[in-house]
1. Among the helices (runs of 4 or more DSSP H) confined wholly to the range 184-246, which include 2 or more residues that are more than 15 Å from the chain's Cα centre (by Cα) and over 29 Å from THR38 (Cβ atoms)?
2. Confirm whether PRO219 is more than 26 Å from VAL102 (Cβ to Cβ) and buried (at least 16 other Cβ atoms within 10 Å of the Cβ).
3. Could you check, for the range 146-159, whether at least one of its residues is in a strand (DSSP E or B), within 16 Å of the ligand (Cβ to nearest atom) and within 15 Å of CYS210 (Cα to Cα)?
4. Which of (1) in a helix (DSSP H, G or I); (2) under 19 Å from LEU211 (Cβ atoms); (3) within 15 Å of the ligand (Cβ to nearest atom) is the odd one out, the single condition TYR116 does not satisfy?
5. For the range 119-145, give me the residue count where each residue is in a loop (DSSP other than H, G, I, E, B) and more than 10 Å from the ligand (Cβ to nearest atom).
6. Taking the residues in the range 50-89 that are among the charged types (D, E, K, R) and without any contact (Cβ under 8 Å) to a residue 40 or more places away in the chain as candidates, determine which candidate is farthest from THR180 (Cα to Cα).
7. Regarding the range 59-67, can at least one residue be identified that is of a type in the set (D, E, K, R), in contact with an Asp or Glu (Cβ under 8 Å, 6 or more places away or on another chain), outside any loop (DSSP other than H, G, I, E, B) and at pLDDT below 90?
8. What single numbered condition from (1) in contact (Cβ under 8 Å) with a residue 24 or more places away in the chain; (2) in a helix (DSSP H, G or I) fails to hold for CYS292?
Amino acid sequence: MLLQRLTRSSRLPTPLFRCVSTQTPGPSEPLRRPNTNTASFGFQTVKEDEKESLVKNVFDSVASSYDLMNDASSLGVHRLWKDSFVSGLKPGKHGPMRCIDVAGGTGDIALRILDYAREKHYDRETTVDVADINAQMLKEGERRFKQTMYHNTPQVSFNVANAQSLPKERFADNSYDLYTIAFGIRNCTSIPSVLEEAYRVLKPGGTFACLEFSRVNNPLLATIYDQYSFSVIPLMGTILAGDRASYQYLVESIRRFPPQPEFAQMIRDAGFSTGPDVDGGAWSDQWGGIACVHKGVKL
Ligand SMILES: C[S@@+](CC[C@H](N)C(=O)[O-])C[C@H]1O[C@@H](n2cnc3c(N)ncnc32)[C@H](O)[C@@H]1O
């Protein structure tokens, strides 16, 4: 259904969106890394090489309303999660840092990193390279940065790039102190490839930090959250952005993301060191696991 709607509104030729299977696993069914060349696209299973175009279509469609919808659908809470994510990383505390914000979209995390370093540590040398596969999202980010003191300074750059294969000539091995990815990794076709790239570009001792929607373990909260997200968010998408399908995908993709311990293991499999597999160790739940911060250090 979702695929059909996206296909209809897409400018790309129909065969790109042929669905391999339309089986719809339940929201609580954990994501399994497909052993065939398939990937989850919300609750749908599609060919791996189709997912990227489908995700690109979603973000092309939501780019201009993304910030408004983020505020509306989370009632502003995404701002608190992002503030706490960045302040937990303390950019600038130990001197200027070279940061990369992947799937950085409209620059929410980059702006917070630069503001934090400047406001808390009088640091105007920390830099953030924002990388995103979607030029429309980056364009919104650049527009927004024009209103800031960072515009036209070496402190920020916007780069169209795929998290799974960051161009080596632009993003060299062992070159960043901090790698952030917020609400982005679940949209990528291969999470292990993203983690591999994060490991490659970080310096030894560098930090990987991911903010992502995750698994709510409290059954009562999970029920309320499910009700809210499956009914209210797609409805808001229709009203505020005229686009129900994209917001339905965003909600579904959250449910397909691996639970906290499984994702922590993927981070270790990529070579990072993490804390123990408990809340407050390898990850820190926000609001009962609605969102979650995972961190790893490249040794
Ligand atoms: C939900 S938005 C998050 C944007 C921003 N990080 C934030 O927190 O507001 C997800 C972003 O992931 C980007 N994205 C999806 N797949 C990607 C990929 N393979 N490589 C890089 N970016 C990707 C999308 O274009 C989109 O901008």
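1. Result: 219-227, 233-241.
2. Values: more than 26 Å from VAL102 (Cβ to Cβ): yes; buried (at least 16 other Cβ atoms within 10 Å of the Cβ): no.
Answer is no for this residue.
3. Going through the range 146-159, the residues in a strand (DSSP E or B) turn out to be 156-159.
Of the ones still in play, those that are also within 16 Å of the ligand (Cβ to nearest atom) are 156-159.
Those still in the list that are within 15 Å of CYS210 (Cα to Cα) too: none.
No, the range 146-159 contains no residue that is in a strand (DSSP E or B), within 16 Å of the ligand (Cβ to nearest atom) and within 15 Å of CYS210 (Cα to Cα).
4. Every listed condition holds for TYR116 apart from (3).
5. If we filter the range 119-145 for residues that are in a loop (DSSP other than H, G, I, E, B), which is where we start, we get 122-126, 133-134.
Subset that is more than 10 Å from the ligand (Cβ to nearest atom): 122-126.
Total meeting the criteria: 5.
6. Within the range 50-89, the first condition is being among the charged types (D, E, K, R), and the residues that meet it are 50-52, 56, 60, 67, 71, 79, 82-83.
Then drop every residue that is not without any contact (Cβ under 8 Å) to a residue 40 or more places away in the chain, which leaves 50, 71, 79, 83.
Numbers: GLU50: 26, ASP71: 21, ARG79: 16, ASP83: 13 Å.
Result: GLU50.
7. Step one: list which residues in the range 59-67 are of a type in the set (D, E, K, R), which gives 60, 67.
Right, trim to in contact with an Asp or Glu (Cβ under 8 Å, 6 or more places away or on another chain) and you get 67.
Filter once more, so that each one left must be outside any loop (DSSP other than H, G, I, E, B): 67.
Restricting the remaining residues to those that are at pLDDT below 90 gives 67.
Checking the range 59-67: at least one residue is of a type in the set (D, E, K, R), in contact with an Asp or Glu (Cβ under 8 Å, 6 or more places away or on another chain), outside any loop (DSSP other than H, G, I, E, B) and at pLDDT below 90.
8. (2)
The values are calculated or read from the model by the stated rules, or taken from the named source; none is laboratory data. Here the structure is a predicted model, which is why all the values come from computation and not from measurement. Glycine also receives a Cβ, built like all others from the backbone with ideal geometry; neighbour counts cover every protein chain displayed.
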